[in-house]
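K.L.:
Mind looking over this structure? Questions follow.
The values are calculated or read from the model by the stated rules, or taken from the named source; none is laboratory data. Quantities reported herein were computed from a predicted structural model and do not represent experimental measurements. Heads up, the Cβs are rebuilt from the backbone with ideal geometry, glycines too, and the neighbour counts pull from every protein chain shown. These area figures cover heavy atoms from the full protein model, side chains too; ligands, DNA and RNA do not enter into them. Shrake-Rupley method; radii C 1.70, N 1.55, O 1.52, S 1.80 Å.
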Amino acid sequence: MSPRRLNVGVAGLGRAFTLMLPTLAADPRIRLVAATDPRGEATARFAAEFGARAHDSIEALCADPEVEVVYVATPHGLHAAHVAAAAAQGKHVLVEKPMAVTLAECRTMNDAVDRAGVRMIVGHSHSFDAPIARTRELIGSGAFGAVKMIHAQYYTDFLYRLRRPEELDTERGGGVVFSQAAHQVDIVRLLGGGMVTRVRALTGNWDPARRTEGAYAALLTFADGAFASLVYSGYGRFDGDALCGGISELGMRKDPGGYGAARARLAQCASPEAEAAAKAARNYGGAAEGATAGRAGTAVDAHQHFGLVIVSCERADLRPLPEGVQIFGDDGVVMEPLPTTEVPRKEVIDELYAAVVGGIASLHDGRWAMATHEVCLALLASAREQRDIPLHAQVAARDLPPA
Ligand SMILES: NC(=O)c1ccc[n+]([C@@H]2O[C@H](COP(=O)([O-])OP(=O)(O)OC[C@H]3O[C@@H](n4cnc5c(N)ncnc54)[C@H](O)[C@@H]3O)[C@@H](O)[C@H]2O)c1
C-alpha cells in the first residue's frame, strides 16, 4: 500500500532547498505541490518539474488549501514571519536552521505553532544524521557508562562560499556561529543529553574582507558535569573532511582536485552584489545550477556528517563516522557499519511524518531548536564579554521516534 503523502509547499528555492531537493523529490511520503520565491526562474522551473503551483507571496502559499506543510527555507531573518504566516493558516512547518536570529523570535514561533495546534520541526541539521542517532542509541543502552566528555571539530571553507551580504553580517544572523554552530551544537547537545548549563567561548573574525565570525572555540558544561569542546574554522585551508575518510559533509567522496575552488570562485566576483547574484545563479532554476559547491564528488555508501566527533564515555570512546560508528573499548575497536538508504536526509522526513501523521512528539521541535540557538547566542556573548554565560532555556533530548 502506498503511504499517505504529505503535501508540501516550499518558501525559498535557494541553496537550502537545493540541498533538500534530493530528499523531497525521492521520498514517497512527500508530494511537492506549491512554492514561492521572488526568483521567477526558480518558481517557473518548480511548477514545470513538479506540476505544482507558483505563488507570488508567502501568504498566498500558506493560503493554498492543498498545502499541509510549509517548508520554510528562506533567509533566517524571515523565518519568524514565515512560520507565523504558516501557523496562521493552520499549516505544519519544517523550518531551516538556524531557527531564527533572536531568542525572542524563537519564542514567537513556538507560541504561534502552539496556538495554531500545528507541528514544527527545525532542520535539516546534521544531528539528524544516522551515525549521530546511532551513537545516541549506543549511549542510551548504558553499555558504555555515562558520557563524560565530547569533542567536535570541523575545518571548512564556509566563509569563502558565495554569500548574500547579510550572511556576512553578524547582526543579521551572518557568520559561522549562526549557520555552522547550529549543526555542531545540535549534535553535541543531542549526544550530551541536551541540558547545557553554561558556555565559555572565543570567536575569530580575522578577514577584513569578510567582517563576521569565521571561527570559534567553545567549552560547554552539562547539568550532569559532563563537558564538551567545540572547534570550528570556516577559514579552513586544512579540510576537516580529511579526518572523515575524505567524505564530504554531503556524504560524497571528494575530488582532491577541488582544493581551493571556493576561494577561486569568489575571486571572480567584483562586488557583494555580483557575489549574491552568483550564489543565486547556482541555486535551483539558476543559470549555473548543477555546479553547486559541496555536491561535487563521487557517490559512495556514506552518510552526511559534520566533521570529527568523539564521545568519551566511562567505558568506551564512540566515534560517529560517515560509514557507521566506531567503538573503542577496553578490548579492541569495533566498527558498527550503518548502510545508507536510497533517500538522503530521510531522517528529517521520518521525524516530520511521525509528528504530522503519527502525532508523535518530536526531538527537533521548536523548544529543542530554541535551546540550541540559546547556546549559539551564548557563544557570541561569551566571546564579546569574556565570561561564562549561564543558560536558561535548555531542554533534555527526547528519545528519537522510531523510523
Ligand atoms: N540545513 C542545511 O544544510 C542548510 C544549508 C544552507 C542553508 N541553510 C539555511 O537555509 C536558509 C536559507 O539559506 P540559503 O543558503 O538557502 O539562502 P539562499 O540565498 O541560497 O536562498 C534563499 C532563497 O529564498 C528566497 N527568498 C528571499 N525572500 C523570500 C521571500 N520573501 N519569500 C520566498 N522566498 C524568498 C531567495 O530568492 C532565495 O531563492 C538559511 O536559514 C540557512 O541557514 C540550511
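K.L.:
For the chain, what is the number of Lys pairs with C-alpha distance below 26 angstrom, counting only pairs 8 or more positions apart or on separate chains?
P.N.:
Value for the chain: 6.
K.L.:
Classify the chain: rounded, prolate or oblate, from the alpha-carbon gyration tensor (a ≥ b ≥ c, eigenvalue square roots; a/c under 1.5 rounded; otherwise prolate if a/b is larger than b/c)?
P.N.:
rounded
K.L.:
Using a 7 Å offset from the Cα along the Cα-to-Cβ direction at both D399 and A88, what is the distance between the two label points in nm, to one decimal?
P.N.:
4.0
K.L.:
Place +1 on the Cβ of every Lys and Arg and -1 on the Cβ of every Asp and Glu in the chain, take the dipole about the Cα centre, and give the residue among C106, Q394, V69 whose Cα lies farthest towards its positive end.
P.N.:
C106
K.L.:
Under the Karplus relation 6.51 cos²θ - 1.76 cosθ + 1.60, θ = phi - 60°, what is the ordered set of whole-Hz ³J(HN,Hα) values for the range 66-76, x standing for Gly and Pro?
P.N.:
Once rounded to whole Hz, the list reads 7, 6, 9, 10, 9, 8, 8, 10, 8, x, 5.
K.L.:
Turning to a different aspect of this structure: Hey, with R₀ at 25 Å, roughly what FRET efficiency would V357 and D111 work out to, going by the Cβ-Cβ distance, to 0.05?
P.N.:
0.55
K.L.:
Enter the accessible area of Y353 (Å², nearest 10), with the probe set to 1.4 Å and all protein chains included.
P.N.:
40
K.L.:
For the range 344-358, just list the computed ³J(HN,Hα) in residue order, Karplus coefficients 6.51, -1.76 and 1.60, θ = phi - 60°, integers in Hz, with x standing in for Gly and Pro.
P.N.:
In residue order, the calculated couplings are x, 6, 4, 4, 5, 5, 3, 6, 4, 5, 4, 5, 7, 8, x Hz.
K.L.:
Which of A209, I150, V196 sits closest to the plus end of the dipole of the chain, meaning its Cα is farthest towards the positive end, when Lys and Arg get +1 and Asp and Glu get -1 on the C-beta?
P.N.:
Of the options given, the answer is A209.
K.L.:
For the range 331-403, with only Lys/Arg (+1) and Asp/Glu (-1) charged at the beta-carbon, what is the dipole magnitude about the Cα centre, in debye rounded to 20?
P.N.:
The calculation lands at about 320 debye.
K.L.:
List the residues, sorted by chain then number, that are 5 or more residues from Q326 or on another chain and whose placed amide H is less than 5 Å from its amide H.
P.N.:
R319, L321, E336
K.L.:
Which value, in Å² rounded to 10, gives the accessible area of S229 with a 1.4 Å probe and all protein chains present?
P.N.:
30
K.L.:
Further question on the same structure: Which whole-number percent is the relative contact order of the range 102-184 (Cα, under 8 Å, 6+ apart)?
P.N.:
24
K.L.:
Could you sort K254, K91 by their accessible area in this structure, using a 1.4 Å probe and putting the largest first?
P.N.:
Greatest to least solvent exposure: K254, K91.
K.L.:
Please state the relative contact order of the range 169-218 as a whole percent: Cα pairs under 8 Å, 6+ residues apart? Let's see the in-between values first.
P.N.:
Values: 43 pairs, mean separation 20.9, N = 50.
Relative contact order for the range 169-218 comes out at 42 percent.
K.L.:
Give, in nm to one decimal, the length gained when the segment between D301 and T341 is fully stretched (0.36 nm per residue of separation minus the Cα-Cα distance).
P.N.:
Here the segment from D301 to T341 would lengthen by 13.5 nm.
K.L.:
Moving on to the next point. With a ≥ b ≥ c the root eigenvalues of the C-alpha gyration tensor of the range 314-403, is it rounded (a/c under 1.5), prolate (a/b larger than b/c) or oblate?
P.N.:
Oblate is the answer for the range 314-403, as a/c is 1.5 or above yet b/c matches or exceeds a/b.
K.L.:
Ok, one more. Mind giving me the FRET efficiency for A48 and A223? R0 is 45 Å, r the Cβ-Cβ distance, nearest 0.05 is fine.
P.N.:
0.30
K.L.:
Using alpha carbon centroids, what distance separates the range 209-233 and the range 303-354, in Å?
P.N.:
After rounding, the separation between the Cα centres reads 21 Å.
K.L.:
Quick one: net charge of N110's neighbours, Cβ under 13 Å, K/R +1, D/E -1?
P.N.:
In short, -1.
K.L.:
In terms of the Cα gyration tensor, with a ≥ b ≥ c the square roots of its eigenvalues, is the range 140-255 rounded because a/c is under 1.5, prolate because a/b exceeds b/c, or oblate? If you can, show how the numbers build up before the last one.
P.N.:
On the way: a/c = 2.44, a/b = 1.44, b/c = 1.69.
Oblate is the answer for the range 140-255, as a/c is 1.5 or above yet b/c matches or exceeds a/b.
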